[in-house]
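K.L.:
First, the structure itself, so that you have it in front of you.
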Amino acid sequence: MKILFIDDDEARLRSARALLQSTSLAVAAAFESDTYQVDKRLAETEWDIVVAGVDSPRSMGAAALRDLETNYPTIARLAHSKVAAAREHIGAHMFLPQPFTGQQLRQALYGTVRWRDRLGSASISQLVTGARELPRLPEVYEKIQAELNSDDPSMHKIGQIIQADAATSVQILRIVNSALYGLRTEVGDVVQAASLLGIKTITSLTLAASLFTNSDLDHRFMKTMWLESLQVGALARRVARDLELHRSEIEEAQLAGLLHDIGDFVMFQNWPEDYLAVDPASWAQSEIDTFGATHADIGGFLTAVWELPVGVVDAVANHHTPLNGRYPDHPSPVTAVHVARALLDTEGDVDKADLDREHIQRIGRTPLLDLWADALHEIAA
């Protein structure tokens, strides 16, 4: 394993060197604090991981990670920062706190490689590339993103953009006026919905609603999948809130819940007979035997291609396997979507739910499972 450490703080680089030595890992490592030397290292050597210190979105480490994402996508990216909000701006595969221990570094290095290898595996790439048709980011979603990135974004303009897509607009109003969101007053238009729910929530709903509403796939299949996605998205948001996740992570959990089974969409769209032949009793192995990947793998790959937030990609890719996520020992959007999907599958029966009990135990949230089961019944009412 070849690891390049990047940091404009020399003291932190020295500390990282000492911690790496304490792990006794058989790795080749280099440590750089100069931008020119970093560029030279990247050009001359094939690195497995880059570990970057990030003090702000404009720091050298942050710039290096953005460059890696564009020019060296096969290199795994690990960031460490004291600033929790840095996760929203930096496209790293995994994050470490500052300061971190040798054991945390060891776990993060291996976790980062697993994360990169899973999403970047040749089999998934070839499978998705070989598909006849892939769902694309809806035009209405791209228009919203353009408005959000403008110099003076307007809530009213975003509402107008959504209302221009009649089918999506109708779906959103149905959703926000349902038990899923429990608003006290009936919402009459999308602009009002956006002001009540917030930009990120209305944007997430627009993305998912447009994907499902404008599909020409079998109506019954899409209706079932859409209803399940809405319920998982709503419950994942509730779970994330109870886990006291950061606001941005709560939004990621909801969006990941809405899109968690987008891999099923791809399978059914391109290989309907094979998809319907998957054995539900052993779906994971059956999907791997048939497609070479699971629907979660494909969903993770697709959301990564769409450049959705890393937390969304992580939760979609690992909603059945939270111990494979970026934070197996900590609450995250992966936890929220995993719990929501597992409880939905058993209609809230905690004892029968296919939960990763080890993950739930590690994060110390087992006592909340009954509470979340009750929340599902409220949402589904």
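K.L.:
Give the residue, chosen from D218, D242, that is acidic (D, E) and at pLDDT below 85.
P.N.:
On the way: D242 fails: at pLDDT below 85.
The conditions single out D218.
K.L.:
Same structure, new question: Criterion first (without any contact (Cβ under 8 Å) to a residue 12 or more places away in the chain and either surrounded by 17 or more Cβ atoms within 10 Å (Cβ to Cβ) or β-branched (V, I, T) (or both)) does I262 satisfy it? Explain how you work it out, then say what you get.
P.N.:
Numbers: without any contact (Cβ under 8 Å) to a residue 12 or more places away in the chain: no; either surrounded by 17 or more Cβ atoms within 10 Å (Cβ to Cβ) or β-branched (V, I, T) (or both): yes.
No, not satisfied.
K.L.:
Just one of the numbered conditions (1) assigned to a helix (DSSP H, G or I); (2) among the acidic types (D, E); (3) in contact with a strand residue (DSSP E or B) (Cβ under 9 Å, 6 or more places away or on another chain) is not true of D8; which one?
P.N.:
It is condition (1) that D8 fails.
K.L.:
Residues that are modelled with pLDDT under 70, at least 3 per element: which helices (runs of 4 or more DSSP H) completely within segment 58-139 meet that?
P.N.:
Numbers: elements: 60-71, 102-119, 122-129.
By residue number, 102-119, 122-129.
K.L.:
Let me ask you something else. If we scan segment 240-259, do we find a residue that is among the small types (G, A, S), in contact with an Asp or Glu (Cβ under 9 Å, 6 or more places away or on another chain), farther than 17 Å from A336 by Cβ and surrounded by 22 or more Cβ atoms within 10 Å (Cβ to Cβ)?
P.N.:
As a first pass, look at segment 240-259 and keep what is among the small types (G, A, S): 240, 248, 253, 256-257.
Then keep just the ones that are in contact with an Asp or Glu (Cβ under 9 Å, 6 or more places away or on another chain); that gives 240, 248, 256.
Pick out the ones that are also farther than 17 Å from A336 by Cβ and you get none.
Within segment 240-259, none of the residues are among the small types (G, A, S), in contact with an Asp or Glu (Cβ under 9 Å, 6 or more places away or on another chain), farther than 17 Å from A336 by Cβ and surrounded by 22 or more Cβ atoms within 10 Å (Cβ to Cβ).
K.L.:
Here's something else I'd like to know. So which helices (runs of 4 or more DSSP H) are wholly in segment 223-332 and hold at least 3 residues that are closer than 23 Å to T213 by Cα?
P.N.:
Values: elements: 247-259, 262-270, 272-276, 283-291, 295-305, 310-317.
It comes to 247-259, 262-270, 272-276, 295-305, 310-317.
K.L.:
Return a yes/no flag: does segment 303-320 have any residue that is modelled with pLDDT of 95 or more, of a type outside the set (D, E, K, R) and surrounded by fewer than 22 Cβ atoms within 10 Å (Cβ to Cβ).
P.N.:
Yes - at least one qualifying residue is present in segment 303-320.
K.L.:
Follow-up. Could you please give the count of residues in segment 161-188 that are surrounded by 15 or more Cβ atoms within 10 Å (Cβ to Cβ) and part of a helix (DSSP H, G or I)?
P.N.:
Matching residues across segment 161-188 total 10.
K.L.:
OK, next. Please find, among D9, D34, the residue that is of a type in the set (D, E), at pLDDT 90 or above and touching a Ser or Thr at 6+ places or on another chain (Cβ under 9 Å). So that I can check it myself, show each step before the final result.
P.N.:
Details: D34 fails: touching a Ser or Thr at 6+ places or on another chain (Cβ under 9 Å).
After applying the criteria, what remains is D9.
K.L.:
What is the residue count in segment 142-171 for residues that are over 19 Å from W306 (Cβ atoms) and among the polar types (S, T, N, Q)?
P.N.:
The total comes to 6.
K.L.:
With the requirement that a residue be under 15 Å from G364 (Cβ atoms), more than 14 Å from the chain's Cα centre (by Cα) and at pLDDT 95 or above, what does segment 321-346 give you?
P.N.:
Result: V339, single match.
The values are calculated or read from the model by the stated rules, or taken from the named source; none is laboratory data. Everything numeric here is computed off the predicted structure, so don't read it as measured data. Note: ideal-geometry Cβ built from the backbone for every residue, glycine included; neighbour counts use all protein chains shown.
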